[in-house]
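Here's the structure, in C-alpha cells; my notes come after.
The values are calculated or read from the model by the stated rules, or taken from the named source; none is laboratory data. Keep in mind that this is a model prediction, so the values were computed, not measured. Methodologically, a virtual Cβ is constructed for each residue, glycine included, from the backbone with ideal geometry; neighbour enumeration extends over all protein chains shown. When the accessible area is computed, the model is the full protein with side chains, heavy atoms only, and any ligands, DNA or RNA have been set aside. Shrake-Rupley method; radii C 1.70, N 1.55, O 1.52, S 1.80 Å.
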Number of protein chains: 2
Amino acid sequence: MRDLAGGTQAVYGFNRSTSGARAAAKEGYDVSDDLVATLQRAEADGAMIVIAVPMHAVANVLDNIIEHAPTCGITDVVSVKKPVYDLIRERGLETRYVGGHPMAGTEKSGWSASQEGLFHRAAWVITYDYALEKEQAGEPVPAEWIDLFSDVCRMAVGVKAEAVPASVRKHDEAVGRISHLPHVIAEALSIVGDEGGTLSQSLAAGSFKDATRVAGTAPELVRAMCETNAAALVYSLDQMIELLTKARNDLDSDSPNIAELVDAGHRAHTRMEARSGARRESVSPVKISSRPVMRLHPGGHNWVRQLVQAESLGGRIEVF
Amino acid sequence: MRDLAGGTQAVYGFNRSTSGARAAAKEGYDVSDDLVATLQRAEADGAMIVIAVPMHAVANVLDNIIEHAPTCGITDVVSVKKPVYDLIRERGLETRYVGGHPMAGTEKSGWSASQEGLFHRAAWVITYDYALEKEQAGEPVPAEWIDLFSDVCRMAVGVKAEAVPASVRKHDEAVGRISHLPHVIAEALSIVGDEGGTLSQSLAAGSFKDATRVAGTAPELVRAMCETNAAALVYSLDQMIELLTKARNDLDSDSPNIAELVDAGHRAHTRMEARSGARRESVSPVKISSRPVMRLHPGGHNWVRQLVQAESLGGRIEVF
C-alpha cells in the first residue's frame with residue numbers, strides 16, 4: 001500500500017486490526033477496519049482487490065467478496081498458491097482471479113513493520129493456470145481475465161517488482177525449496193544453537209544470526225505456509241536430510257572430508273547469486289536485473305506459450 | 001590490523017600474498033611479504049604475534065616462529081582451538097600461547113575484503129586452558145603467560161570486541177553449533193535451491209539468501225574449520241537431522257502439523273536474540289552489551305575460577 005499510494009490509482013484498504021488501521025490512517029493512508037464497507041466501496045469503484053492475509057483467513061475473505069464485491073477482480077499475495085486456487089475453484093471464481101506472490105518480506109508482521117521500497121527488484125510471481133487450462137481446452141481466454149492479468153502485472157511493476165509468471169504447481173515447488181525449507185531450517189537451527197546454553201548464545205554471530213533470522217517470524221505464519229505446502233516441503237526436506245546425513249558420515253571418520261558437499265555447495269551458491277536478480281548491496285549505480293525479460297501482449301498471438309517460456313527461464317515479463 | 005593501527009602500539013604484519021601485502025602497504029599499513037624478516041623484527045621488538053592463517057598453515061608458521069621469534073608471545077584467530085592447541089603442545093609452546101577467536105567475519109577473504117569496525121561488539125573468545133591445568137596441578141601460572149593473557153584481552157577490547165573466556169573444548173563445542181553447523185547447512189541448502197533450476201534461482205529472496213550467504217566462503221576455509229572440528233559438528237548435525245526428520249514426518253501426513261518445531265524454534269530464536277549481544281541494527285544511540293561483565297585481575301586471587309564462571313555465563317571480562 002505504501003508503494004502503490006504514490007501512483008495514479010486510488011488505493012485504499014481494510015485492516016482487521018483496529019489499531020493497525022488507525023496507525024495507517026494517521027500516516028494519511030485510506031485504511032478502514034470495516035470489511036463490508038471497504039468491499040462495497042471496491043464494488044462501486046470497480047476496484048481490483050488484493051488479498052493479503054494468512055492462508056487460514058482467505059476463505060472468509062473470499063466469501064465476503066462474493067457477497068459484497070461480486071464483480072471485482074481478485075489477486076492475492078499468499079505464499080502458497082494451490083490452497084488459494086482450490087478455494088477459488090470451489091467458489092467458481094477462476095475468471096476473476098489471478099494469483100500473485102511477491103518474493104520479499106521480513107520476519108516482522110503488522111502495519112508498523114511495513115516499509116516503502118520492499119519490493120524493489122523482487123520477483124512478483126503471477127500465476128496463469130486459468131489461461132493455460134483454457135488454451136489446452138481449445139477455448140478462448142475471457143477478456144475479463146486477460147485484463148485482470150495485465151492489471152496485476154502493472155501493479156507489480158508499479159511497486160518496482162519484476163513480474164515472473166509461474167503455474168501454481170511450479171510456484172509451490174520452487175518456494176518449497178527456497179522459502180519454506182529455509183524457514184524450517186531456521187527453526188531447527190535456532191533450537192540446536194539455543195541448546196548450547198549461554199556460551200553458545202553469547203558466541204552466535206553472523207552466520208548463525210543470518211541463517212536463523214526468519215525464525216523470528218510469527219509461528220502461525222510459518223506454520224500456515226509450511227503446512228499448506230507440505231508435499232513440496234517434504235520433497236526438499238528429504239534432499240536436505242540426505243545431504244546432511246552424507247556430510248555427517250563423511251565427518252565421522254578418521255580423516256574427515258566434506259569436499260564433495262562444500263565444493264558443490266559453493267558452485268551452487270555462485271550460480272544462485274548470478275541468477276537471482278541484482279544484489280541489494282550492489283554498489284553499481286545502474287542496477288541491471290539478471291532476470292531475462294520478455295515483452296508480451298496479454299491476449300496476443302502465442303502469449304500463453306510465451307508465459308510458459310518465461311516461467312522456464314525464471315524470466316520477467318513486461319506487458320504492453 | 002585496520003582496527004589496531006589507530007592505537008598506541010606499533011602494528012605490522014606479514015602477508016604470504018605479495019599483492020595483498022602491496023595493497024595494504026599502499027594504504028599506509030606496515031605489511032611485508034617476507035615472513036622471516038617480519039618474525040626477526042617481532043623478536044627484536046618483543047612483539048606479540050597474532051596468527052591469522054587457515055588451520056593447515058598454522059604448523060608451518062609456528063615452526064618459523066620457533067626459529068625466528070623464539071621469545072615472542074603468540075595468539076591466533078583460527079576458528080577451531082583444539083587442533084591449534086595440539087600443535088602448540090607438540091612444540092612445548094604452552095607458556096607462550098593464549099588462543100583466540102573473534103566471532104566476526106564475512107564470506108570474503110583477503111586484504112581487499114578487510115574492513116574497519118568488523119569486531120565492534122563481537123565476542124572475542126580467549127582460551128585459558130593452560131592456567132586451568134596449572135591451577136589443577138597446584139602449580140603457579142607463570143607471569144609470562146599471565147601477561148600474555150592480559151595483552152590478548154587488551155587487544156580484543158582495543159578493537160572494540162568483548163573478551164569472552166572459554167576453554168578449548170567448550171569453545172569448539174559451541175562453535176560447532178553456532179558457526180560450523182550453519183556453514184554446512186548453507187552448503188546443503190544452496191545445493192537444494194540450485195537443483196530447483198532457473199525458476200527457483202529467480203525466486204530466491206531474503207530467507208534463502210541470508211541462510212546461504214556463508215556458502216560464498218572459500219571452500220578450503222569451510223573445510224578447514226569443519227573437518228578439524230568434526231566431533232562437535234557431528235554431534236550438532238545429529239541434532240539437526242533429528243529435528244528435520246521429525247518435521248518431515250509431521251508434514252508427511254493428512255493433517256500436516258509442525259507446531260512443535262515452530263513454537264520451540266521461535267522461543268529459541270527469541271532467547272538467542274536476547275543473549276547474543278546488542279543487535280547491529282539496533283537504533284538505540286546507547287549500545288549496551290547483553291553479555292554480563294566481570295572485572296578481574298589476571299594472576300589475582302581466584303582469577304582462574306572467575307574465568308570459569310564467566311565462561312559458564314557467556315560473559316565478557318575486563319582486565320585491570
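Looking across the range A:195-206, the residues that are in a helix (DSSP H, G or I) and open to solvent by 20 Å² or more (accessible area, probe 1.4 Å) come down to A:GLY197, A:THR198.
Any residue in the range B:171-183 that is within 11 Å of chain A (Cβ to nearest Cβ), under 27 Å from A:PHE208 (Cβ atoms) and open to solvent by 20 Å² or more (accessible area, probe 1.4 Å)? Scanning the range B:171-183 turns up at least one residue that is within 11 Å of chain A (Cβ to nearest Cβ), under 27 Å from A:PHE208 (Cβ atoms) and open to solvent by 20 Å² or more (accessible area, probe 1.4 Å).
Considering only the range B:32-57, state which residues are in contact (Cβ under 8 Å) with a residue 40 or more places away in the chain and part of a strand (DSSP E or B). Correct list: B:MET48, B:VAL50. Identify all residues within the range A:31-65 that are exposed (fewer than 15 other Cβ atoms within 10 Å of the Cβ) and more than 20 Å from A:LEU221 (Cβ to Cβ); write none if there are none. Listed by number, the residues that qualify are A:ASP34, A:VAL36, A:ALA37, A:GLN40, A:ALA44, A:ASP45, A:GLY46, A:ASP63. B:ASN257 meets all of the listed conditions (1) part of a helix (DSSP H, G or I); (2) at the interface with chain A (Cβ under 7 Å from one of its Cβ atoms) but one, namely (1).
Would you confirm whether any residue within the range B:262-283 is open to solvent by 80 Å² or more (accessible area, probe 1.4 Å), modelled with pLDDT under 95 and more than 23 Å from the chain's Cα centre (by Cα)? Yes, because at least one residue in the range B:262-283 is open to solvent by 80 Å² or more (accessible area, probe 1.4 Å), modelled with pLDDT under 95 and more than 23 Å from the chain's Cα centre (by Cα).
Would you be able to say whether some residue in the range A:180-201 is more than 22 Å from B:LEU189 (Cβ to Cβ) and touching a residue at least 24 places away in the same chain (Cβ under 8 Å)? Within the range A:180-201, none of the residues are more than 22 Å from B:LEU189 (Cβ to Cβ) and touching a residue at least 24 places away in the same chain (Cβ under 8 Å).
Every residue, every condition in (1) touching an Asp or Glu at 6+ places or on another chain (Cβ under 7 Å); (2) at positive phi; (3) of a type outside the set (Gly, Ala, Ser), yes or no:
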site: A:VAL61; (1), (2), (3): no, no, yes
site: A:ILE74; (1), (2), (3): no, no, yes
site: A:VAL78; (1), (2), (3): no, no, yes
site: A:PRO83; (1), (2), (3): no, no, yes
site: A:THR95; (1), (2), (3): yes, no, yes
site: A:GLY99; (1), (2), (3): yes, no, no
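For the range A:108-121, the criterion of being among the polar types (S, T, N, Q), over 26 Å from A:ALA231 (Cα atoms) and buried (at least 18 other Cβ atoms within 10 Å of the Cβ) is met by at least one residue. Taking residues in the range A:88-114 that are free of Cβ contacts under 8 Å to residues at least 40 places away in the same chain and within 14 Å of another protein chain (Cβ to nearest Cβ), and partners anywhere that are among the β-branched types (Val, Ile, Thr) and surrounded by fewer than 24 Cβ atoms within 10 Å (Cβ to Cβ), the pairs with Cβ atoms closer than 7 Å and at least 6 places apart or on different chains are A:ALA113/A:THR106. The set of residues in the range B:226-254 that are more than 7 Å from chain A (Cβ to nearest Cβ) and part of a loop (DSSP other than H, G, I, E, B) comprises B:THR228, B:ASN229, B:SER253, B:ASP254.
Looking only at the range B:131-161, residues that are closer than 24 Å to B:ARG291 by Cα and of a type outside the set (Lys, Arg) come to 15 in all.
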